[in-house]
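Taking it in order: structure first as structure tokens, then the write-up.
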Amino acid sequence: MQEDKQMGTPPVVTYLTRVSMQMECDDHRQGKLKRETKIDPQIIREIGKRQKEHADRIAGMMDVLKEKGFSFEAAPGVVYAYSNTVEAFEAKQLLLSAGFQDREFQIVLEYTRGWGML
Amino acid sequence: MAGAPQSSLPFVKRDDTWAIIIALSLTVGITFTFLYGGYDFFKSLAVSVPSWSNDFGKVTTALGKNPMGLFNLFAFFIITFSIGAKVMGYNVKRFLVGFTALYILSVLITILGSNQFMKTYQLETPLLALVFGMLVSNTVKLPAWFQEALRTEFYVKTGIILMGATLPFTIIMKAGPLAMLQATIVSAITFFTIFMVATRVFKMDPRFGATLGAGGSVCGVSGAIAVGGACRAEKEHVSIAISMVVIFAVIMIAILPIAAKQLGMEPGPAGAWIGTSEFADAAGFAAAEQYNSMVNLPAGDDRAVKTFTLMKVVGRDMFVGLWALMAAILSVTVWEVKTAVQAERIDYGEVWRRFPKFVIGFFVASIFTTLVVASLDPKTGAAFSKDALGTIKTLRGWTFTWTFLSIGFTTRFRELTSFGWKPLLAFLIGVLINVPLGYYLSNVVFIDYWLSVK
């Protein structure tokens, strides 16, 4: 059983903070490139540029989170960052203060009871 | 990752899954062997202890009639629980030793709790198990091997699914909507009372207020964890909310059955009241079983436990995901003062992720046995209900005894998080509204419904 270093007793709860970052940028997801779109090479270059900027933003968020000890996992179309030492509100403050926007990430916080109570 | 939450674990590693597997296998096994032969083994598991006073011989005679019963009961559950324990990653060696000790204690507590002298002091099996567990765990450091077997959630979920097998689906369909209505009225009023007192009067963080409110209204520790996670409450907030729930849940196990008896409540409304006003499933089952024992209902009459289950599991537990979603939306929009376009995306999967999956097993078990009874001729159906479902009821009783012992052994007050008077007062005000309101709805407004549950 994990010991709470500050209190010297088992913690009442433990937690897992998960930050998910979608690899697809918003423009693409919202259907900018549709079948009926008049397509030309410039549009594709712009999409590529936006995708690169988006990927750079994700890498930037990963850098920020990595400094705080987050571990990473990739799934199709999404990068997950996990921590059980940085709380969700701290992770959010960290990302916002580094210049990222709320819409660029999604945070899921899962608590687990520390011992078998009720 | 260490300490990974249940909802992020693979399906086979969750205690919900193993509770479903064990309880449904037991239900199906009992049903098929009852109908097609080979029922003797399962019948032998139905070990029950009669009431006794100075005639201990009555107990030995009853147990002697089923000489392999206690061994078979132990063997069945230690094998099935250990398989689950192995897959879920518990320390199986410790679990084996710990469960053996827990089982022996449960037999002793059941025998002692069946004694008339103990009953005079309201120390029937549920309360006795709880009190004994708390006395020991708050005075002695429990060995690690024993702690490994204190799986309150695992045992209570198994018991709830077995409860489903004995609860006709027709009753769930009939009383379920009313349970949802009553639970929603009480949960909503209690939640907003705690939330408003916490945030408006005591100026506490809204996330803290919501977590406290969920703990005091939705479904205890599970509610606090779900809503606390959804609104990104701090660990300290959730720890305090859980500490509140634990303290008040234990107090309510003692108070609600006595109050229900003193107020002359019938079993149906009493169970509904406990289901409305207790904070946690396991504690509520302890209170409902305690009430059953205190009013000396005839063997097999478990109306209070049935109405408790309808109210708590069907009326309250199922909706924890919706409460969590509501908290998540409020958190990223209202509390962070952002428009829907600016705000962080909401994960609507929250509703399913937080849904207590063992409830599915509860419904499946109920539907299965209801269909079986409906498909049999009246005579065989009656025999099945009395004998096969009687065995399931007895086994459910044992899983609850392990639950009550586990509650006692894991309720270590020194390990609860210390808290100030503000959260205590906010929670207490919620309790003071919840309990009378639950009584009024159960015993006055909807009394006819709860009396009709047989």
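The values are calculated or read from the model by the stated rules, or taken from the named source; none is laboratory data. This structure is a prediction, so every number in the text was calculated from the model and none was measured. A quick note on method: Cβ atoms are made from the backbone with ideal geometry, for glycine too, and the neighbour counts reach across all protein chains shown.
Just one of the listed residues (B:ILE447, B:ILE360) is closer than 29 Å to B:ILE225 by Cβ, in contact with an Asp or Glu (Cβ under 9 Å, 6 or more places away or on another chain) and surrounded by fewer than 23 Cβ atoms within 10 Å (Cβ to Cβ), namely B:ILE360.
In the set B:ARG345, B:ARG353, only one residue is touching a strand residue (DSSP E or B) at 6+ places or on another chain (Cβ under 6 Å) and modelled with pLDDT under 85; that residue is B:ARG345. Only a single item in (1) in a helix (DSSP H, G or I); (2) modelled with pLDDT of 90 or more is not met by B:GLY176, and it is number (2). One residue alone among B:GLY229, B:GLY220, B:GLY216 is modelled with pLDDT under 95, buried (at least 24 other Cβ atoms within 10 Å of the Cβ), under 17 Å from B:ILE242 (Cα atoms) and away from chain A (no Cβ under 11 Å), and that residue is B:GLY216. Take the conditions (1) within 14 Å of another protein chain (Cβ to nearest Cβ); (2) part of a helix (DSSP H, G or I); (3) under 15 Å from B:GLY438 (Cα atoms); B:TRP273 misses just one of them, which is (1). Consider the stretch B:392-416 and keep the residues that are buried (at least 21 other Cβ atoms within 10 Å of the Cβ) and among the β-branched types (Val, Ile, Thr). The one that is modelled with the lowest pLDDT is B:THR411. The set of residues in the stretch B:313-366 that are at the interface with another protein chain (Cβ under 10 Å from one of its Cβ atoms) and under 14 Å from B:CYS219 (Cα atoms) contains only B:ARG354. With a requirement of 2 or more residues that are under 19 Å from B:MET252 (Cα atoms), the helices (runs of 4 or more DSSP H) lying completely within the stretch B:278-337 that satisfy it span B:281-294, B:303-309.
Checking the stated criteria, B:LEU45 turns out to be modelled with pLDDT of 95 or more and either farther than 23 Å from B:LEU297 by Cβ or within 29 Å of the chain's Cα centre (by Cα) (or both). Within the stretch B:119-130, one or more residues are outside any helix (DSSP H, G or I), of a type in the set (A, V, I, L, M, F, W, C), at pLDDT below 95 and crowded, with 17+ Cβ neighbours inside 10 Å. The number of residues in the stretch A:61-118 being in a helix (DSSP H, G or I), over 18 Å from B:GLY228 (Cβ atoms) and within 11 Å of chain B (Cβ to nearest Cβ) comes to 5.
Considering the stretch B:139-173, and only residues there that are of a type in the set (Lys, Arg) and not in a helix (DSSP H, G or I), the residue that is farthest from B:GLY98 (Cα to Cα) turns out to be B:LYS141. Remark: B:ALA287 matches the filter, which requires a residue to be buried (at least 24 other Cβ atoms within 10 Å of the Cβ), within 14 Å of another protein chain (Cβ to nearest Cβ) and of a type in the set (A, V, I, L, M).
Examine the stretch B:257-268 for a residue that is in a helix (DSSP H, G or I), hydrophobic (A, V, I, L, M, F, W, C) and surrounded by 23 or more Cβ atoms within 10 Å (Cβ to Cβ), and state whether such a residue exists. Yes; the residues of the stretch B:257-268 include at least one that is in a helix (DSSP H, G or I), hydrophobic (A, V, I, L, M, F, W, C) and surrounded by 23 or more Cβ atoms within 10 Å (Cβ to Cβ). Being within 14 Å of another protein chain (Cβ to nearest Cβ) and modelled with pLDDT of 95 or more, is that true of even one residue in the stretch B:20-38? No; the residues of the stretch B:20-38 include none that is within 14 Å of another protein chain (Cβ to nearest Cβ) and modelled with pLDDT of 95 or more. The residue list A:ILE39, A:ILE43 contains one member that is assigned to a loop (DSSP other than H, G, I, E, B) and more than 11 Å from A:MET21 (Cα to Cα), which is A:ILE39.
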